[in-house]
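Worksheet for the structure shown next.
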Amino acid sequence: MRKLIAASVLALATGMSGGAFAEPVKVGLITTLSGGGAGLGIDARDGFLLALKNAGDDAAEIEVVTEDDGQKPELAVQIADKMIQSDQVDILTGIIWSNLAMAVVPGAVAQGKFYISVNAGPSALAGSQCHENYFNVAYQNDNFHEAMGQYASETYKKTFILAPNYPAGTDSLTGFKRYYKGELAGEVYTQVGQTDYAAEIAQIRASGADSVFIFLPGGMGIAFVKQYAQSGVDIPLIGPGFSFSQDVLPAIGDAALGVKASSSWAKDLDNEASKTFVETFQAEYGRLPSIYAAQAYDTGNLIVSAAAKASVKDADAFRAALKEADFDSVRGKFSFNTNNHPIQDIYVTEVVKEGDVLTNKIVGTAFTDHGDAYAEQCALN
């Protein structure tokens with residue numbers, strides 16, 4: 001298990017608070033830093049820490065303890081327990097995968113801690129199991145898939161849909177079908193971590209589909225798209241931004257060119273916060289940021305904004321400060337719904353090549369001020 005302790009970037013140099021904090025804030029960042037999903041967690045960690053660095057003195061009293069969950073729910077629970085009981089963190093964040101979030105979040109908030117999600121947004125935590133101390137800065141899992149369902153309805157007539165069999169996968173296909181009005185050529189759930197998709201590609205080939213929607217984040221998507229390109233099947237691929245995010249595009253290669261996807265952010269989004277984020281991320285890490293980095297960057301800035309207004313030890317005041325979402329989001333306008341999940345615009349993107357670098361470009365808007373389907377089930381209303 002790898003452990004990093006990053007006491008705030010500038011506190012090391014100054015030893016001083018930015019002046020707005022009632023007292024220090026300790027954040028436990030649990031994310032995936034090894035295995036097939038490591039690219040996602042590394043981007044989230046790097047985006048989060050960059051937000052603190054860019055915040056300067058305003059983040060001088062924020063301390064971050066980072067540990068690798070190995071994409072294993074049982075390990076994530078052990079780490080969370082240790083962070084709460086031994087490290088005495090005030091806030092937990094960082095989890096990428098929804099099955100890990102479902103294992104960690106309910107116990108953390110039940111112990112009076114805040115959990116602020118940089119990514120995973122399972123439907124249960126947006127609806128029946130919502131909690132006043134749980135905030136999701138990224139999305140509710142269905143959102144990007146709903147956007148692709150809307151896009152497919154306007155573009156295709158018979159779509160084959162594919163996702164891994166875990167909470168985010170079921171949320172994915174549920175979200176897609178919520179807005180898709182055409183015919184389904186097939187609906188298949190794969191194993192989490194699967195690397196051989198010959199059987200699924202054979203099903204697609206025989207299905208009569210005019211399009212294929214895939215949600216296969218991280219290494220799963222890399223494996224599928226490469227095998228799909230090599231198979232000679234020429235049915236267009238579409239998917240949520242996770243399947244074609246900046247962290248996987250270099251590994252997928254030109255097979256991704258022209259693919260349409262959905263996202264709440266891309267690097268060409270025209271606002272100052274986004275421009276600063278992209279420039280400083282490239283300068284700090286030598287690569288383009290992904291949606292995972294962008295969401296984590298916003299999460300870091302949300303925590304900085306709340307800590308400037310209230311002590312994390314005053315739960316009611318800190319919760320109210322989080323709810324205000326008083327920070328400059330890389331997405332532009334951003335607010336929380338009644339269930340502490342985002343209300344935001346969701347875009348259609350296309351994979352393009354800029355020089356020799358693959359990236360995503362915004363080509364349309366799927367939804368404006370989009371919430372989620374589960375808010376009405378949340379008792380916080």
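The values are calculated or read from the model by the stated rules, or taken from the named source; none is laboratory data. In this text the structure is predicted, and so the values were computed from the model without any measurement. As a convention, Cβ positions derive from the backbone with ideal geometry for all residues, glycine included, and neighbour counts pool all protein chains shown.
Structure values in brief
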{"read-out": "Criterion (under 17 Å from the mean Cα position of the chain (by Cα) and not assigned by TED's automatic domain parsing to the domain that holds I222) met by exactly one of F242, F277", "value": "F277"}
{"read-out": "Any chance D328 is at pLDDT 95 or above, in contact with a His (Cβ under 8 Å, 6 or more places away or on another chain), surrounded by fewer than 22 Cβ atoms within 10 Å (Cβ to Cβ) and closer than 24 Å to S117 by Cβ", "value": "no"}
{"read-out": "Sole residue being closer than 23 Å to G182 by Cα, touching a strand residue (DSSP E or B) at 6+ places or on another chain (Cβ under 7 Å), buried (at least 24 other Cβ atoms within 10 Å of the Cβ) and not basic (K, R), chosen from F244, F213, F224", "value": "F213"}
{"read-out": "Only one of G169, G175, G149 that is within 28 Å of Y228 (Cα to Cα), out of contact with any strand residue (DSSP E or B) (no Cβ under 7 Å at 6 or more places or on another chain) and modelled with pLDDT under 95", "value": "G175"}
{"read-out": "From K361, K353, K313, residue being more than 20 Å from the chain's Cα centre (by Cα), in a strand (DSSP E or B) and not β-branched (V, I, T)", "value": "K353"}
{"read-out": "Residue count for region 29-45, restricted to those that are under 12 Å from A296 (Cα atoms) and hydroxyl-bearing (S, T, Y)", "value": "1"}
{"read-out": "Residue list for region 247-279, filter: buried (at least 22 other Cβ atoms within 10 Å of the Cβ) and of a type in the set (S, T, Y)", "value": "S262, S263, S264, S274"}
{"read-out": "Members of region 152-175 that are more than 24 Å from A103 (Cα to Cα) and free of Cβ contacts under 8 Å to residues at least 24 places away in the same chain", "value": "E154"}
{"read-out": "Residue count, region 83-111 (criterion: part of a loop (DSSP other than H, G, I, E, B), crowded, with 19+ Cβ neighbours inside 10 Å and of a type outside the set (G, A, S))", "value": "5"}
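Condition check ((1) touching a helix residue (DSSP H, G or I) at 6+ places or on another chain (Cβ under 8 Å); (2) part of a helix (DSSP H, G or I); (3) buried (at least 22 other Cβ atoms within 10 Å of the Cβ); (4) not assigned by TED's automatic domain parsing to the domain that holds Y297) across all residues:
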| residue | (1), (2), (3), (4) |
| --- | --- |
| G149 | yes, yes, yes, yes |
| S172 | yes, yes, yes, yes |
| T195 | yes, no, no, yes |
| I201 | yes, yes, no, yes |
